[in-house]
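Engineer: Quick one: the structure is below, and I'll ask about it shortly.
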Amino acid sequence: MLKGQHVIDPTDLSLQDIDELCTLADQMIVDPDAYKDVCHGKILATLFFEPSTRTRLSFEAAMQHLGGSTLGFADASASSTTKGETLADTIRTVSSYVDVIAMRNPKEGAALLASRYSRVPVINAGDGGHHHPTQTLTDMVTIHALKGGFSGHTVGFCGDLKFGRTVHSLLKTLSRYPDNKFVLISPNELQVPDYITTQVLKRSGLPFETAERLEDVIGDLDILYMTRVQKERFFNEQDYIRLKDSYILDHEKMKLAKDNMIVMHPLPRVNEIATEVDDDPRAAYFKQVRYGMFARMALISKLVGVL
Ligand code: NCD
């Protein structure tokens, strides 16, 4: 039962929840009209203390496609935070007005803190470099739709594995399924944080390896998850400039990949995937964007308890 729950960490969703949400999202994809009024009279707040295009708009579109309405802000400077209000007080206030809150904040742990003061479910729409469970749900709906299941895949994660919260959340989730194998492709400085290696990967018992060159391993992959270098989390611009073009997926590299590999990316893309790859049938990132809205429709309707 997801009704009334907070979704802060990807493990707040059980494997059964993930199955049910993916199945519901699939039904919504096939027959969206059947769900167009299920959230009538319900309100979603989107509190974005950090910029976003896809995530905020997909939450808002999701609620509107369910017949509900939305309010919120897209920028911390448009909130009482600028007057010195604490996050706890902002959440106490907003949760008195709405049925569910989606929040993004640059600080790790902010969503967990918010959930302690909220009268309604809080969905973590990204807390710093930590987690992003609804992107993971989006990724799971995509993998379910395009690869038919969550087990038995060799999954390559490429780019900024240190700061990329989508990588942390998806690794944490896929490592709960049997027979997956992970290939972590990054420059030395952008490897996954230690806690992901020790508490997620090693604890799962699943095989994983690291690589520095994408072309050395791309031929082994069933799923390639590309990510951008997370400029906003660097302390030093010189480091960002040096690392930002570490990987560029192009036609040449795609020639080395399996015919049925899929390329995913949470977007925004900067230049880590050349636009020439967009027409390749294996490019799944724009489908993934669309699946994200249905993933959020499924989650919102379960959390507010209408389905
Ligand atoms: C991701 C994020 O915000 O972490 N974007 C998204 O939610 N679609 C990835 C990113 O910003 O690189």
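The values are calculated or read from the model by the stated rules, or taken from the named source; none is laboratory data. Everything numeric here is computed off the predicted structure, so don't read it as measured data. Neighbour counts run over all protein chains shown; Cβ positions are idealised from the backbone, glycine included. Accessible surface areas use protein heavy atoms only, side chains included; no ligands, DNA or RNA. Shrake-Rupley method; radii C 1.70, N 1.55, O 1.52, S 1.80 Å.
Engineer: When Ala145 is evaluated against the numbered criteria (1) out of contact with any Pro (no Cβ under 6 Å at 6 or more places or on another chain); (2) within 27 Å of Lys287 (Cα to Cα); (3) open to solvent by 10 Å² or more (accessible area, probe 1.4 Å); (4) within 16 Å of the ligand (Cβ to nearest atom), which criterion, by number, is the only one it fails?
Structural biologist: Only one criterion in (1) out of contact with any Pro (no Cβ under 6 Å at 6 or more places or on another chain); (2) within 27 Å of Lys287 (Cα to Cα); (3) open to solvent by 10 Å² or more (accessible area, probe 1.4 Å); (4) within 16 Å of the ligand (Cβ to nearest atom) is unmet by Ala145, namely (4).
Engineer: Does any residue of the stretch 292-305 turn out to be out of contact with any Gly (no Cβ under 7 Å at 6 or more places or on another chain), part of a loop (DSSP other than H, G, I, E, B) and closer than 18 Å to Cys158 by Cβ?
Structural biologist: Within the stretch 292-305, none of the residues are out of contact with any Gly (no Cβ under 7 Å at 6 or more places or on another chain), part of a loop (DSSP other than H, G, I, E, B) and closer than 18 Å to Cys158 by Cβ.
Engineer: In the stretch 1-24, what residues are part of a loop (DSSP other than H, G, I, E, B) and more than 15 Å from Asn124 (Cβ to Cβ)?
Structural biologist: Passing the criteria: Met1, Lys3, Gly4, Ser14.
Engineer: Picking from Asp37, Asp99, which residue would you name as being surrounded by fewer than 14 Cβ atoms within 10 Å (Cβ to Cβ) and not hydrophobic (A, V, I, L, M, F, W, C)?
Structural biologist: Asp37
Engineer: Output the qualifying pairs, or none if there are none: Cβ atoms under 9 angstrom, residues six or more apart or on different chains, first residue in the stretch 208-230 and within 16 Å of Arg282 (Cβ to Cβ) and assigned to a strand (DSSP E or B), second residue open to solvent by 10 Å² or more (accessible area, probe 1.4 Å) and within 16 Å of the ligand (Cβ to nearest atom).
Structural biologist: Tyr225/Thr166; Tyr225/Pro266; Met226/Tyr247; Met226/Pro266; Met226/Arg269
Engineer: Which number in (1) over 22 Å from Thr142 (Cα atoms); (2) within 16 Å of the ligand (Cβ to nearest atom); (3) modelled with pLDDT of 95 or more; (4) under 19 Å from the mean Cα position of the chain (by Cα) marks the one condition that Tyr247 misses?
Structural biologist: With respect to (1) over 22 Å from Thr142 (Cα atoms); (2) within 16 Å of the ligand (Cβ to nearest atom); (3) modelled with pLDDT of 95 or more; (4) under 19 Å from the mean Cα position of the chain (by Cα), Tyr247 is out only on (4).
Engineer: What are the pairs, 6+ residues apart or on separate chains, where a residue within the stretch 61-78 that is touching a residue at least 24 places away in the same chain (Cβ under 8 Å) has its Cβ under 6 Å from a residue that is in a loop (DSSP other than H, G, I, E, B) and open to solvent by less than 50 Å² (accessible area, probe 1.4 Å)?
Structural biologist: Pairs that qualify, where the first residue is touching a residue at least 24 places away in the same chain (Cβ under 8 Å) and the partner is in a loop (DSSP other than H, G, I, E, B) and open to solvent by less than 50 Å² (accessible area, probe 1.4 Å), are Leu66/Val38; Leu66/Cys39; Gly67/Cys39; Gly68/Cys39; Phe73/Ser79; Ala76/Phe49.
Engineer: Here's a follow-up. Looking only at residues that are charged (D, E, K, R) and crowded, with 16+ Cβ neighbours inside 10 Å in the stretch 164-212, which one is nearest to Gln230 (Cα to Cα)?
Structural biologist: If we take residues in the stretch 164-212 being charged (D, E, K, R) and crowded, with 16+ Cβ neighbours inside 10 Å, then Arg165 is nearest to Gln230 (Cα to Cα).
Engineer: Now, a different point. Please go through the stretch 1-51 and give me each residue that is within 21 Å of the chain's Cα centre (by Cα) and among the acidic types (Asp, Glu), ordered by number.
Structural biologist: Asp9, Asp12, Asp17, Asp19, Glu20, Asp26, Glu50
Engineer: State all residues of the stretch 23-34 that are surrounded by fewer than 22 Cβ atoms within 10 Å (Cβ to Cβ) and closer than 13 Å to Lys302 by Cα; if no residue qualifies, say none.
Structural biologist: If the condition is that a residue be surrounded by fewer than 22 Cβ atoms within 10 Å (Cβ to Cβ) and closer than 13 Å to Lys302 by Cα, then Thr23, Leu24 are the ones that fit.
Engineer: Can you find a residue in the stretch 225-240 that is away from the ligand (no atom under 13 Å from the Cβ) and of a type in the set (D, E, K, R)?
Structural biologist: Yes: the stretch 225-240 contains one or more residues that are away from the ligand (no atom under 13 Å from the Cβ) and of a type in the set (D, E, K, R).
Engineer: Just one of the numbered conditions (1) out of contact with any strand residue (DSSP E or B) (no Cβ under 9 Å at 6 or more places or on another chain); (2) under 14 Å from Val304 (Cα atoms); (3) open to solvent by less than 50 Å² (accessible area, probe 1.4 Å) is not true of Ile43; which one?
Structural biologist: That leaves (1) as the condition not met.
Engineer: Of all residues in the stretch 52-83, which are under 17 Å from the mean Cα position of the chain (by Cα) and outside any helix (DSSP H, G or I)?
Structural biologist: Those that are under 17 Å from the mean Cα position of the chain (by Cα) and outside any helix (DSSP H, G or I): Ser52, Thr53.
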